[in-house]
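Chemist: Below are the structure tokens for one structure; questions will follow.
Read-outs throughout are calculated quantities, based only on the coordinates presented, and are distinct from any laboratory measurement. All of these numbers come straight from a predicted model, not from anything done at the bench. Cβ coordinates were reconstructed from backbone atoms using ideal geometry, including for glycine residues, and neighbour counts include every protein chain displayed.
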Amino acid sequence: MRRLILSDIHANLEALEAVLNDAAGNWDEVVCCGDIVGYGASPVEVIQWTRRFADCLVRGNHDKACCGLLDMSDFNFPARASVLWTRSELPQSDLHWLKALPAGPVFRADYEVVHGTPVDEDEYAITADEVEPLDAHLLRTICFAGHSHIQGGWSWQRGGLIPISRPTLSETERVIDLDPEYLYFINPGSVGQPRDRDPRAAYALWDSTDHLLKFRRVKYDIRLAQARILEAGLPEVLAERLAAGR
Ligand code: ZN
């Protein structure tokens, strides 16, 4: 089975379309690690695509905030402004759909999906110290996560916790041979608002038959996504950060 692994699309339709073009013909199913909306200017279109194509998905903190399930006291001003704007744009049916999204972890036969971690859907796991203790909570050999907007991963092997790196700025792909004997915690990166200093849209392809994982980066029309954010009256910083990739 070939799966397209997406996370943190954040209502960025231009980035999503570029990813889908890049990945065309290379997947049978879609996995989504949450934060479908928030920050970007195309929540209606991105939800429409996700409702139709995502086979396995969990909610993110922005999805929860936009449908009123999470209070916004932890959100900064631009995030709050985008939640309120998104809420006003979405039809009731989409708000109900967001409300009904499952909290992670969601389990399938050979993988699990979370937004933050298997312990707490809203928790960040970025450093080795944060990731290391999570193996005790994994019930599958591979766990896909989002939330940090940083592409990459970790593997618990005999020598300890091993980092798995993303493509460099001059590469478009990093291929990883997965050893079914080990545990993996994998973040496909953010489609719509990367924060790993690489502004290209991030995603992953996972072939569970060949045990191959590919981290990919793809250029998209950042200027158009920025123009649409400004046109919507969303805070300027949400447009600016797309070009910086942070
Ligand atoms: Zn996010």
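Chemist: Taking the Cβ of each residue in 32, 56 as the centre, tally the other Cβ atoms inside 10 Å and list the residues starting with the fewest.
Modeler: Final ranking by Cβ density, sparse to dense: 56, 32.
Chemist: Given the options 153, 60, 192, which has the most mean-square fluctuation in a GNM of the chain, springs set between C-alpha atoms less than 10 angstrom apart?
Modeler: 153
Chemist: Sticking with this one: I'd like the antiparallel share, as a percent to the nearest 5, of DSSP beta bridges with both residues in the chain.
Modeler: If I count the DSSP bridges inside the chain, around 70 percent turn out antiparallel.
Chemist: Report the full-extension gain for the segment residue 100 to residue 26: residue separation times 0.36 nm, less the Cα-Cα distance, to one decimal in nm.
Modeler: 23.7 nm
Chemist: Would you list, by chain and number, the lysines whose Cα falls below 27 Å from the Cα of residue 64, excluding same-chain residues fewer than 8 positions away?
Modeler: Leaving aside lysines fewer than 8 places away in the same chain, those within reach of residue 64 are 99.
Chemist: Right, here's the next one. Could you tell me the extents of the chain's C-alpha atoms along the three principal axes, largest first, rounded to whole Å?
Modeler: 51, 37, 33
Chemist: So which residue, out of 181, 236, 45, gets the largest mean-square fluctuation from a GNM of the chain using Cα contacts under 10 Å as springs?
Modeler: In this elastic network of the chain, the residue with the biggest mean-square fluctuation among 181, 236, 45 is 181.
Chemist: Using only the alpha-carbon atoms, how far is helix 222-231 inclined from the longest principal axis of the chain? Give it as 0 to 90 degrees, nearest 10.
Modeler: Between the helix axis and the principal axis of the chain, the angle is about 40 degrees.
Chemist: Contact order normalised by length for segment 88-208, with contacts defined as Cα pairs under 8 Å and 6 or more residues apart; what percent is it?
Modeler: 21 percent
Chemist: Can you tell me the relative contact order of the chain? Whole percent, Cα pairs under 8 Å, sequence separation 6 or more.
Modeler: The value is 23 percent.
Chemist: With springs only between Cα atoms under 10 Å apart, run a GNM on the chain and tell me which of 22, 210, 94 wobbles the most.
Modeler: 210
Chemist: DSSP loop (so not H, G, I, E, B), at most 15 other Cβ within 10 Å: list which chymotrypsin sites (Phe, Trp or Tyr not before Pro) in segment 125-230 pass both filters.
Modeler: Sites meeting the loop and neighbour criteria: 182.
Chemist: With an 8 Å cut-off on Cα pairs and a minimum separation of 6 or more residues, tell me the relative contact order of segment 42-132 in percent.
Modeler: Answer for segment 42-132 is 31 percent.
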